[in-house]
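Down below is the structure, laid out as structure tokens.
Since every read-out is calculated from the coordinates, none of them should be taken as a lab result. Being a predicted model, the structure only gives us computed values, none of them experimental. Here the Cβ is made from the backbone with ideal geometry for all residues, glycine too, and neighbour counts use every protein chain on show.
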Amino acid sequence: MTPVAVRATRRRRILAENLLAYAFLLPAMLILIVFHFAGGFAAVVMSLFKWDIVPGAFRGLDNYQTVLVGARAEEFWHSLSVTLTYTAITVPLEIVISLVLAYLLFQKMKGRGIYRTLYYLPYITSVIAAGVIFNWLMNPSYGLFNQVLELIGIGPQKWLDEPRGLLELISGGALAGWAAGPSLALVGVSLFTIWHFIGFQVVLFLAGLGNISSEYYEAARLDGANERQLFTKITLPLLSPTTFFVATIATIGALKAFNQIYVMTNGGPLETTKTLGYEIFHVFFQQGRIDLGAAMAVLLTILILLFTLFQFRVAERRVHYG
Amino acid sequence: MRLKLAIIAAVMVVATACSGAAAPPPAASTQADIDLTGPTALVLWHTQTGANAKALQDLIDKFNSTNGKQITVTLQYQGSYTQLYQKNLSAIQAGALPELAVAYESFVADYMKADVVLNLDPYVSSAKNGLTKESLADIYKPYLDTNRFPQFGNQLLSFPFTKSLFLSYNNEDILKEIGKTAPKTWDEFEATSAAAVKKGPDGKTTRYGWAITINASNFNGWVLSRGGSLMSADQKTVAWDQQPAIDAVTMMKRMIDNGSAYVPKGFDYQTDFGTAKAAFVQESSTGRPFFVSSFKQPINWSLTNIPQKDPAKAATVQYGANVAIFKSTPEKQLASWLFVKWFADAQQTAEWAVKSSYMPVRKTAADTDTLKNAWKTDTQGKQAFDQIGSSVPEPNVRGQQDIRTVIEDMLNAVVAGKVTDIPAAVKAAGVKANQILKDNQ
Amino acid sequence: MKHVALGGVAIVIAFPFYWMLTTAFKSFFEATTFPPTLFPQEFHFENFATAWGDAPWLGFFRNTFIIAGAVTIGELTTSILAAYAFARMNFKGKGVIFMLLLATYMIPSEATLIPNFVLVTKVMHIQDTLAVQIIPFLASVFSIFLLRQHFLSIPNELADAAKVDGAGHLRFLRSVVLPLSVPVLVTVTLITALGVYDAFQWPLLVTNTDAVRPVQIGMAQFRTEFGAQYHLEMAAATFVIAPVVVIFLFAQRYLIQGVARTGIRG
């Protein structure tokens, strides 16, 4: 074959591969573009107009000004700080706990199936039903949590109705303001979140562990590696695509947090659990301020985008693909 | 390239979707006198669940089979009130509203932004399909007043549907035990509550005077009962940020601090009242059956007006929702009105009152056998009925839902001990509320 | 030692369910005594009948199963194809399209509810159907992302060997990639089905009649405006959760088998 013919064949092959790839992508992209991308684009459009129940005049970036520095700035920055606090509490705890649990569960041992089932239970419980259960557990008058506290000599708490900070309560009111820490209500919602999602992340980690070939372990064992070395030298690096994935998904999920709040507290008490996700819903659907809700949603999307880009930059360099 | 095409396609989809949004048909002038020819199908969005939903369905079935004009109403449950609002807001964007929907006054004010709510005045006054003067006068004035919107030319934009009022549930057994009667004034109330407190051997309180329910409507009731008013005459600023509110909140705080009152969670006040953990609860008259179902042993109890500053000029707050008709075709609008009118007739409102525990909207409902029989066992229902005249509507301005949050945040901050200066906190809440009103002009 | 740790966590995790189940059997009065009873004094089986009779649950369950089945099959198909393209094929704009995909995942869904509602109501005219609860969910960024991560970790030598054998992408996908990915496929199936089972906001917005509504609306319907019946709520929560637990117990077996199989073959 002449070099020209070779190049032509290669071009054809590349073209064929391109077309096939697009064909593979088409069904998913069609749905995602119509229902997610277009929806997001519409949100951008809505954020540029006066849209108070009904669409009005074009306002450029005025809505963003209102949200960032104007009349809505206080509630926007407040809910942003609630969101970041909530993310900082839940994500690291979820990842560490679920990674350890998954690693233990992956070992061959008696009763493994039972443990797995028990750990998955919270996640397969619908958020609404689980929220009902937790509201009941944290009931100030009749709940189990207060009963347990009483057994260890701590007075009854109001849990999801308690706007005071965790450290404020522990210190007997000595710590206030910023030092008071997240409200007990936010801690309650975080406990619920961790409980609910642990199983989900354990599932992901287990699938990731299942993808690590046992040959690696066998080879390492032959070289005399101990359990701890197996974990740090084989499991952790080879599991890194999963860990990275879990971290990304958990962070995005926490930054968008809405359902948990909707079911548990509706943003109260004293708005100490009002995440940005809930605030957006509130502005959209309870105040009818579609313009401001859309502007907040765009800002939240940008924030999540920045977070994720950061994670990709920092983490993907260290992620080890097989 | 594909991507670009896709984006353009998406833009077009969105553009088409948005361009047609919120374009209701022009207002019909006077179409209240037309004749209905042929069948008319109506949809009513509501929030009732359980036994109430069944009772409502029974009444609808009765209307469908007896109206003689081939009108068929279909009930559609749409979640809680806030979820119903969410659906209506979305439906306004898509032009997909039902013919009728249950609504709070502030919802109606919001929907009017899109000019989709039907003015009922021409229908009420229609010689052919309207209400007679006597019939109109028979409906409690506060129940009609709340549906007139000063900000929209005083039009009647909705009609009473599920009404109730804010009253005091009193445990008469406890009152008898401590030798008191149901308090008529706030001073008496405070003293009686303190007297009702009981402590166990370990010093823990086993019985309180008052189980406080934190709620903006209840706060409004406290203000009204102390001679205050809720809105200024021009409806541009709130009027509850004055001495009556300061007195009410100060008393609430004082009673929590001295141990004669506490704040239970959610609906636990019912259980606590039923187990004699509290002598008084101030709540909606509609909660009656739920209170009763939480009585482990039968309790002697009464339902009276909340304590007053001046019992001779008693006032409390009116609770509950209304039904609004959305603009559609003249036929559907008229058919919707005929249903609303029918539902407010003495017999229907009495039946609805008995089954749902809401208040009947007419005075003459008291003459129906339905209510007379029901009151033989539901004596508290009669006690509540006798107080309807003292109930005052809440503001029906845009932004009222947000103002409610401002009030509730203020109260919760006081309860949590985060407020040192109550007058300042009340004033600050008033300033916030006025800003909301200004933003919603 | 391991069992102590795992067992301790398991008790903490499972206790809310125990609490739900026991409360579901208690009388109203027993459910609201403090201190609470750890075990019901008497069993009130009628709580379940009362809760079941409160809403058309049977129809809700049927709808949920239809929707969950359709979404799971559809989403799995579209996601496998897309993830494979991202993980194992070279094409123009791969990076950009993938980032675009991730970006759509970051948009809070509260913001897209109204545009999507307008789209399905005014343009597609499919409001108040089962289809409107299925179609928007036939693709998922989450699933694509998850599958891509796993497809990426399949050793390149296998792909090279397949190429030498003259196998095209479809055959490589079918005969090598998919069998190697059973655990993650089971995982995606599980998560997708659960996501549908859990859906609430969208169904509430786009459905009007009980005939097409899913089970979560029934659960929400259960809370009344003026009173809370904890024991009945727990009974309802119990039977809402029950089918998923049963299905999961079956899937769980395959999950373990899948893990074992890939362990040997990988």
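Data for the structure
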read-out	value
Amide H within-cut-off set for B:GLN155, under 5 Å, with H built and near neighbours excluded	B:PHE149
Per-residue [θ]222 nm for chain A (sum of -39500 (n - 2.57) over DSSP H runs n ≥ 4, rounded to 500)	-22000 deg cm²/dmol
Rounded tilt (10° steps) of C:230-265 against the dominant C-alpha axis of chain C	30 degrees
Residues with amide H under 5 Å from that of B:ILE71, placed H, sequence gap 5 or more	B:THR40
With at most 13 other Cβ atoms within 10 Å, longest stretch of chain A clear of loop trypsin sites (Lys or Arg not before Pro) (DSSP)	A:111-316
Computed magnitude of the charge dipole of chain A (debye, nearest 20; Cβ of K, R +1, Cβ of D, E -1)	1360 debye
Cα-based convex hull volume of the protein assembly as shown per residue, rounded to whole Å³	186 Å³
Cβ-based exposure ranking for C:VAL9, A:VAL246, in which fewest neighbours within 10 Å come first	C:VAL9, A:VAL246
Computed Rg/Rh of chain C, alpha carbon atoms with Kirkwood Rh	1.05
Three-way shape label, chain A, alpha-carbon gyration tensor, a/c 1.5	oblate
Distant alpha-carbon pairs in the range A:1-91 (separation over 18 angstrom), percent	72 percent
Percentage, to the nearest whole number, of Cα pairs in the range B:316-441 over 19 Å apart	66 percent
Estimated dipole of the range B:324-441 in Debye, rounded to 20 [Cβ of Lys and Arg +1, of Asp and Glu -1, Cα centre]	160 debye
Max mean-square fluctuation residue, GNM over chain B, Cα-Cα springs under 10 Å, options B:VAL361, B:VAL431, B:VAL108	B:VAL431
Straight-distance crosslink candidates among lysines, where the alpha carbon sits under 18 Å from C:LYS26 and sequence neighbours closer than 8 are dropped	B:LYS296
Relative contact order of the range B:367-441, pairs being alpha-carbon contacts under 8 Å that are 6 or more residues apart, as %	34 percent
Which listed pairs, of B:LYS54/B:LYS204; B:LYS184/B:LYS363; B:LYS355/B:LYS427; B:LYS341/B:LYS376; B:LYS265/C:LYS2, have C-alpha distances above 32 Å, in listed order	B:LYS54/B:LYS204; B:LYS355/B:LYS427; B:LYS265/C:LYS2
Segment B:ALA137-B:THR377, extension gain: residue separation times 0.36 nm, minus the distance between their alpha carbons	83.5 nm
CD proxy at 222 nm, helix term only [per DSSP H run n ≥ 4: -39500 (n - 2.57); per residue of chain B; nearest 500]	-13500 deg cm²/dmol
Nearest-0.05 FRET efficiency for B:VAL431 and B:THR205, computed from C-beta distance (R0 30 Å)	0.25
Separation in nanometres of the label points that stand 7 Å from Cα toward Cβ, at B:LYS198 and B:THR250	3.3 nm
Longest site-free stretch - chain C; sites: chymotrypsin sites (Phe, Trp or Tyr not before Pro), DSSP loop, at most 15 other Cβ within 10 Å	C:46-266
Chain A: most fluctuating residue of A:THR117, A:THR242, A:THR308 per GNM, C-alpha cutoff 10 Å	A:THR117
Nearest-ten-degree value, helix B:50-66 long axis tilted from longest Cα axis of chain B	40 degrees
Loop-resident sites, the range B:111-208, for trypsin sites (Lys or Arg not before Pro), counting at most 12 other Cβ within 10 Å (DSSP)	B:LYS128, B:LYS204
The range A:281-316-the range C:76-100 distance, computed between alpha-carbon centres (Å)	25 Å
Highest-fluctuation residue, C:VAL118, C:VAL141, C:VAL96 considered, GNM on chain C with Cα pairs under 10 Å	C:VAL96
14 Å beta-carbon shell around B:ASN154, net charge (K/R +1, D/E -1)	-3
Global geometry of the range B:194-293, whether rounded, prolate or oblate, following the gyration tensor of its Cα atoms and the 1.5 cut on a/c	oblate
Within straight-line cross-link reach of C:LYS163, aspartates and glutamates at Cα separation under 18 Å, skipping those fewer than 8 residues along the same chain	A:GLU17
Square roots of five times the Cα gyration tensor eigenvalues for the range C:89-232, Å	40, 19, 14
Residues listed by number, the range C:169-184, amide nitrogen under 12 Å from C:LYS163 label point at 7 Å toward C-beta	C:169
Chain A, relative contact order in percent, only Cα pairs under 8 angstrom and at least six apart counted	25 percent
Per-residue mean of C-beta atoms belonging to partner chains within 10 Å, peptide A:210-222	4
The range B:379-414 versus the range B:415-435: alpha-carbon centroid distance in Å	18 Å
Centroid-to-centroid separation of the range B:41-64 and the range A:127-185 [C-alpha atoms, Å]	41 Å
Between 0 and 90°, nearest 10: helix B:330-343 axis offset from chain B longest Cα axis	30 degrees
Mean ellipticity per residue at 222 nm, deg cm²/dmol - from DSSP H runs of n ≥ 4 across chain C, formula -39500 (n - 2.57)	-22000 deg cm²/dmol
Pairs from A:LYS158/A:LYS256; B:LYS113/B:LYS432; A:LYS274/C:LYS94 whose Cα-Cα separation, in the structure shown, is over 32 Å	A:LYS274/C:LYS94
Reach of C:LYS122 by Cα under 17 Å, taken over lysines that are not fewer than 8 positions away in the same chain	B:LYS87
Rounded to 5, percent antiparallel among DSSP beta bridges of chain B	60 percent
